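For reference, the structure discussed in these notes is given below.
A short reminder: the numbers here are calculations on the coordinates, not readings from a lab. Computed from a predicted structure; not experimentally measured. We place every Cβ from the backbone using ideal geometry, glycine too, and count neighbours over all the protein chains shown.
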Amino acid sequence: MDRSVFKNKSTSIDCYLDLQQKTLFNALDNLSPELKNLFPMASLIDPLSDTADFDSILKLFRNFTAEQRRLGIMMHLWRQWEQAEFRAILPLYYVERNFIATPEEQEAIEAQFGTLTPDEAKMFEKNHGISDRIGFGDFRLESNFVPYNTDTFALRVGGFLTIPTAVAFSKGINGTTFRDCLEQPNLDLQALFDLAFKDDDLVDPSVSSGEQEALKEELIGDICKNKNGFLLGAVDRLNAVLVETSLGNRGHLGIGGIIRSKTSLRSLLDDYEWTDRINWNNRLSVEYLTPANETRFYIKRNSIEDFNSRDFNSDDEEVQDENLAFIEQEIVDKFYPYAIKTRVKPGPILRWFSRWCVNGDVWDLTLGSDIWIQAGESLKLKCVDPELFAKLDICNASNSLAYQFKSVASFGFKVLRPEYAFFFNINAEGTSWNKNIGDDWAVSLNLEANF
């Protein structure tokens, strides 16, 4: 999947993050002198109001997206009787997900911020840009029986379970994981001011190079180290939201019903013998995913009343300390969404897989479509402070209605014998229409031996 969908059909990250920041810039333009007095230098705040500079910088990142690759095998056990059949399916695969920019965008960013050495670029990608893992996905059990069968039409009805068995054998093979530390960090602005700022100098000449490096590591971080520094930590929190992925349904048990049908073209064109070789096959299923606990991320909404209720012009040191702590927390909440255990109730999934199959003595050809629809979900937060709960943006943390329409094709070779049957298929599929789910394509190889 070369571009992820962040909202509706948009694949650019600027529909997910407010990189234009009009609200922030307006607030900075109207920032009262009393609030600015919290900072030791006017030059620390005033440049932030220069929206032209910030807009040109943030514009470099607006087309960023996430891409994903999966490679693996699907193990399939099938047992058939005269009127019934049983299937067991288990995937084993490697998944890698990362943010991506075009070469032109990368060149523009390097021109703005400088170029990393090859070793630094490799370490940055591994520590702050890629999430990957390998392991088993969820286990599927399915059974059905034949309530109706004729020479030209067969109907199968049954049910299935999707058991949450997803487990990763290894993580961080070519990247890292971002959900091992999800606490809100601390930001000590006073310590940074004491170290870096004096009078009107951006960096105090008396500060040693070692102290300057400590300041840089505290504020920004070291790209060769993982989860270090406030700004790189904010990047990792975004990675935890958008890049870290699961091998299964995130712990949800699936219970579903299924209808399969096979209609021969001979039912419509009885005069032609070759119509026995063309069938219209359908698989229609509805799956209910049971509620389960997940870690979800929530933005804390800013409140103008919280700012207006504070006396930023006070000479009281205790009040000044409280005001500075308030600003520090607001900055942390701006860059670090809250990670909260949430009871998630996913919406039901409707899937319709329809295909025309041309069956030869040796070769098979299939053309069809795969339609997938999932309703919106509901969330119930657990163990959250009521004051914080009132300020969380819960609505935008839940997934809404999503759908995907794919075109599918398959070309196969088979060997049929009285004692066994062997099938070899190459399958391909690509997304034609979609909303709130990625625009992906896939190629697979199917090997099947029936005894």
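What to note about this one:
- When peptides 246-259, 123-136, 147-160, 378-391 are ranked by their average number of other Cβ atoms within 10 Å per residue, the highest-first order is 123-136, 246-259, 147-160, 378-391.
- Using the Cβ-Cβ distance between L269 and F335 with R0 set to 56 Å, the FRET efficiency works out to roughly 0.30.
- Computed about the Cα centre, the dipole magnitude for the range 303-383 is approximately 1260 debye when only Lys and Arg (+1) and Asp and Glu (-1) carry charge, each at its Cβ.
- Where labels lie 7 Å past Cα in the beta-carbon direction, separation of E107 and A191 in nm: 4.3 nm
- Mean Cβ count within 10 Å, highest first, over the residues of peptides 301-310, 83-92: 83-92, 301-310
- For the range 227-277, a simple Cβ point-charge model (Lys and Arg +1, Asp and Glu -1, everything else neutral) yields a dipole of about 360 debye relative to the Cα centre.
- The range 362-408 and the range 304-355 have Cα centres lying 24 Å from one another.
- Neighbours of P291 by Cβ distance under 10 Å: Lys/Arg scored +1, Asp/Glu scored -1, total +1.
- Dipole of the chain [Lys/Arg +1, Asp/Glu -1 at C-beta], most positive-end residue of Q184, I258, N436: I258
- Were the residues from T115 through S369 laid out at 0.36 nm apart, the gain over their Cα-Cα distance would be 86.9 nm.
- Within-11-Å neighbourhood charge of K9 [Cβ basis; K, R +1; D, E -1]: +2
- Pairs from the list K9/K262; K59/K227; K59/K406; K406/K435; K171/K382; K9/K391 with a Cα-Cα gap above 23 Å: K9/K262; K59/K227; K59/K406; K171/K382; K9/K391.
- Most to least packed among 102-114, 285-297 [average Cβ atoms within 10 Å]: 285-297, 102-114
- Net charge, I163 excluded, C-beta distance under 11 Å - Lys, Arg +1, Asp, Glu -1: 0
- With helices as the sole contributors, the chain gives -6500 deg cm²/dmol at 222 nm; each DSSP H run of n ≥ 4 counts as -39500 (n - 2.57), and the sum is divided by every residue.
- Here R283 and S170 are evaluated by their C-beta separation; at R0 = 22 Å the FRET efficiency comes out at 0.05.
- All Cα pairs of the range 286-380, percent lying beyond 24 Å: 60 percent
- Cα centroid separation, the range 219-288 to the range 141-163 (Å): 22 Å
- Ranked list, fewest to most other Cβ atoms within 10 Å of each Cβ, for C395, C357, C15: C395, C15, C357
- Per-residue ³J(HN,Hα) for the range 168-179, Karplus 6.51 cos²θ - 1.76 cosθ + 1.60, θ = phi - 60°, Hz, x for Gly and Pro: 9, 6, 8, 10, x, 6, 10, x, 8, 10, 10, 10
- Furthest towards positive pole of dipole, V157, F6, L238, structure part the chain, Cβ charges: V157
- If the segment from W441 to D393 were pulled out straight at 0.36 nm per residue, it would be longer than the present Cα-Cα gap by 14.0 nm.
- Stretch gain in nm, segment W356-D180, where the contour uses 0.36 nm per residue and the Cα spacing is subtracted: 58.7 nm
- Cα-Cα pairs of the chain separated by more than 39 Å (percent): 37 percent
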